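See structure below.
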Amino acid sequence: MRRLRRLSLHLLQPAAPPAPGDQLALAACAGGRARRVEGGADVAAALAAYLRGRHRATQMRLFDFFRARPDLQTPVELATAAHRELCYRQLCALVREAGVRPLTLMDSDPAEYFAVMEAAGGADISLGVKLGVQYSLWGGSVINLGTKKHRDKYFDGIDNLDYPGCFAMTELHHGSNVQALQTTATFDPVTDEFIINTPNDGAIKWWIGNAAVHGKFATVFARLILPLQGKGGEPADMGIHAFIVPTRDHETHAILPGIEINDCGHKIGLNGVDNGALRFRSVRIPRDNLLNRFGDVSRDGKYTSSLPTINKRFAATLGELVGGRVGIAYCSVGVLKVAVTIAVRYALLRHQFGPPKQPEISVLDYQSHQNKLMPMLASSYAFHFATVMLVDKYSEMKKTNDEDLIADVHVLSSGLKAYITSYTAKSISICREACGGHGYAAVNRFGALRNDHDIFQTFEGDNTVLLQQVAGDLLKQYQEKFKGGTLSVTWNYLRDSMGTYLAQPNPVTARWEGEDHLRDPNFQLDAFRYRTSRLLHSVAARLQKHSKTLGSFGAWNRCLNHLLTLAESHIESVILAKFIESVKSCPDEKTREALKLVCDLYALDRIWKDIGTYRNVDYVAPNKAKAIHKLTDYLSYQVRLVARELIDAFDLPDLIIRAPIGMQSEAYAQYTQYVGF
Ligand SMILES: Cc1cc2nc3c(=O)[nH]c(=O)nc-3n(C[C@H](O)[C@H](O)[C@H](O)COP(=O)(O)OP(=O)(O)OC[C@H]3O[C@@H](n4cnc5c(N)ncnc54)[C@H](O)[C@@H]3O)c2cc1C
């Protein structure tokens, strides 16, 4: 079988000459020869229908809206001030002309809200982020951390953009470590007000989106101080709370007294968003402006909360903000799809070199190019299904408030956000390089995609910090297991797996190398889960050992790389499990076959990339490792044969792709036209 396969590879490559004038069509469909994938268009359409969520109609309506409004389309070159104004006009148009009500959607149908956010980000990533700041962050903080009185007062104004606002958490000295924020909100029982103060320059609120130009309000995160209520009549620090602080006059837009706002200036990307820095000097706000869902202060200055400790209140407060992370993970997949679409379409179109005295071949017929782009295409599919699952879980969580689901979504959103945004960031650079010199032209988008998306790795939680939360939760679950406790939904596999995986790998299966075995989802999932369980078990033992001498913080730091690998491994398992399930549930047979191929590539490529780990523990014998490598290359080649269909199934309109070299047709013509020919 192996020899046959090799022979068939030989026979199918390289490509035959495309007929003049039909280069695009041939290149896009050629499987080496100038032959089309039989029923390719049908597969693409069926796949698109399967991928397309119930929110596609809304997205299409928004794309049509922008298509009909050239004045709202972001040009390739734009100065910062003009970009900010355009971005605000885009958002206003979306709300006031296209009639979208993002906060209402976020409240009633979060999945639809994320679809709107993704579509807005497709028009311009700055717009997606500006929308996220206004609705997920400013709006989300008011409705999730506040109570009825806040909802009654602010909901409509936020929704219709009468109340543009910001989310002011980060300070100059502290971003990730939110518990160390220093801004204070001291209660004044005489006037029934809080006094907001920036005690030193390190506490200046920094990077605050929407603050530099457009925002009129901010949700300010500050330490709640109650005078005379601490030990010995000292002020009592009740921990971090959120407060609504008006920053600009509603009519004149003038900055309000006691507030200083400066512009964070031109950034590497996302220049449609106006990030600002805020300093407060004894700014007084009514007591009612405390977002009091998890803690309140009475008229006589007494603190009440249904949660017993500062840590619990802090966790509950941050827990309400996971929606932002869900949105970032979801939109990052959208960015990845755009980058992969441009790179794959261009690779199909581009011909360079070929056998002696024969026409040149498509660069996607080079094994190296397949190796760069096909696993990435497979990952886009894998992430698509994983983030749809995340959004569904989030929506369910909002409806039911189920505690297990809350814990699950918290960790899953951290892990998927970190894993996917890091992957997308790296992939955009690979796509740029895969398009050679033309990938460097700004009009072909990679510069903007890379620069605008880059910060997805940092905001809404730095990826390295978020992965540690995943690892921390896995360890908690691991300890629970040994105490006989239950495991939360996504980790269920650990319950079954731990016993099996801690035994030595089976020396017989370690040698199995048949294609059927390697493409069996049970083998693939087992391999992913084996690795996670082993990493979990070994890091738990190391932490226990080191904490005796280094203490828990030192031990954690000593094992940090191990912990990050564990978190990534777990997230990969979750993504694969969802992908396998999505293949199984696909109703159409041909579509299912195409998806299965892509899923196999995703799984085997990941196993191959970490083959050292599997070899080290003899989970995979040398012959099997070799077979995995070969099959991965072969699957990349197979996926290449349907690459055009797989890309078309993303169903991204030209308005979203925009790069001339990524157009479905006339790519070179559009490119030369852009340059002025
Ligand atoms: C364009 C932009 C928009 C933003 N918008 C907003 C906004 O609207 N509102 C808002 O409040 N904030 C906003 N932010 C701030 C953003 O949320 C923070 O930058 C982010 O949370 C990271 O914090 P930091 O910058 O302090 O990084 P740091 O926490 O200082 O991290 C610096 C480095 O140290 C590493 N590190 C930190 N802690 C650990 C650890 N425990 N273990 C291992 N490594 C660690 C990180 O991985 C990172 O590489 C924005 C930032 C930018 C750039």
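Between the beta carbons of ASP152 and GLN73, assuming R0 = 56 Å, the FRET efficiency works out to 0.90 to the nearest 0.05.
A P(r) calculated from all alpha carbon pairs of region 333-436, with 10 Å bins opening at zero, reads 14, 35, 23, 15, 8, 3, 1 percent.
Expressed as cubic angstrom per residue, what is the convex hull volume of the alpha carbon set of region 142-240?
Details: hull volume 12.6 nm³, N = 99.
Once divided by residue count, the hull of region 142-240 is 127 Å³.
Look at where the Cα atoms of region 395-426 and of region 603-677 average out, and the two centres are 26 Å apart. Structure note, pairs LYS337/LYS578; LYS372/LYS609; LYS130/LYS216; LYS596/LYS630; LYS372/LYS578: Cα-Cα distances above 20 angstrom occur for LYS372/LYS578. From the alpha carbon centroid of region 227-241 to that of region 242-297 is 24 Å.
Phi-derived couplings, Karplus 6.51 cos²θ - 1.76 cosθ + 1.60 at θ = phi - 60°, listed residue by residue for region 168-183: 9, 9, 4, 10, 3, 8, 9, x, 5, 7, 5, 5, 9, 4, 10, 4 Hz, with x used for Gly and Pro.
Show me 74-84, 572-582 ranked by packing, highest mean number of other Cβ atoms within 10 Å first.
On the way: 74-84: 14.9, 572-582: 22.3.
In decreasing order of mean packing, 74-84, 572-582 become 572-582, 74-84.
The packing ranking of peptides 613-626, 644-657, highest mean first, is 644-657, 613-626, where packing means the average number of other beta carbon atoms within 10 angstrom of each residue.
Going by average Cβ neighbours within 10 Å, how do the peptides 147-156, 58-67, 125-134 rank, with the highest at the top?
On the way: 147-156: 14.5, 58-67: 17.7, 125-134: 27.0.
Result, highest mean first: 125-134, 58-67, 147-156.
Residue by residue, region 42-51 carries 3J(HN,Hα) couplings of 5, 4, 4, 5, 5, 5, 4, 5, 5, 6 Hz when phi is fed to the Karplus relation 6.51 cos²θ - 1.76 cosθ + 1.60 (θ = phi - 60°); x denotes Gly or Pro. Considering only ALA93, GLY140, ALA41, and ranking their Cα positions along the charge dipole of region 41-157 that arises from unit charges at the beta-carbon of Lys, Arg, Asp and Glu, the one farthest toward the positive end is GLY140. Entry note: the chain has Rg to Rh equal to 1.00, where both radii use alpha-carbon atoms and Rh is the Kirkwood radius.
Fewest Cβ neighbours within 10 Å first, please rank THR591, THR400 accordingly.
On the way: THR591 23, THR400 11.
Ranked by crowding around the Cβ, least crowded first: THR400, THR591.
Separation of region 503-539 and region 118-134, taken as the distance between their Cα centroids, equals 41 angstrom.
Global dimensions of region 506-575 from alpha-carbon coordinates: Rg and Dmax equal 15.8, 49 Å. Normalised radius of gyration (Cα atoms, divided by 2.2 N^0.38 Å) for region 317-662: 1.03. For GLY276, the amide hydrogen comes within under 5 Å of the amide hydrogens of TRP207, ILE208, GLY209, ASN210, ALA211, ALA212, CYS264, counting only partners 5 or more places away or on other chains and with H modelled in the peptide plane. Counting every C-alpha pair in region 231-341, the share spaced more than 17 angstrom apart comes to 73%.
Panel note: the C-alpha atoms of region 199-262, placed on their principal axes, show extents of 45, 24, 17 Å (largest first). With the charge dipole of the chain set up from +1 on Lys and Arg Cβ and -1 on Asp and Glu Cβ about the Cα centre, the Cα lying farthest toward the positive end among the listed residues LEU270, ILE406, ALA555 is that of ALA555. About the centre of its Cα atoms, the chain shows a dipole size close to 1780 debye [charges on the beta carbon of Lys, Arg (+1) and Asp, Glu (-1) only; nearest 20 debye].
What the phi angles of region 315-323 give under the Karplus curve with 6.51, -1.76 and 1.60, with θ = phi - 60°, is a coupling list of 5, 5, 4, 5, x, 6, 9, 5, x Hz, glycine and proline written as x.
Just the number, please: Stokes-Einstein D of region 41-157 in µm²/s, Kirkwood Rh from C-alpha pairs, 37 °C, 0.692 mPa s.
Working: Rh = 15.5 Å.
For the chosen part, D equals 212 µm²/s.
We did not get these values from a lab; they are worked out from the coordinates using the rules stated. Keep in mind the model is a prediction, meaning the values are calculated, not measured. Here Cβ is always computed from backbone atoms with ideal geometry, including for glycine, and neighbour counts include all displayed protein chains.
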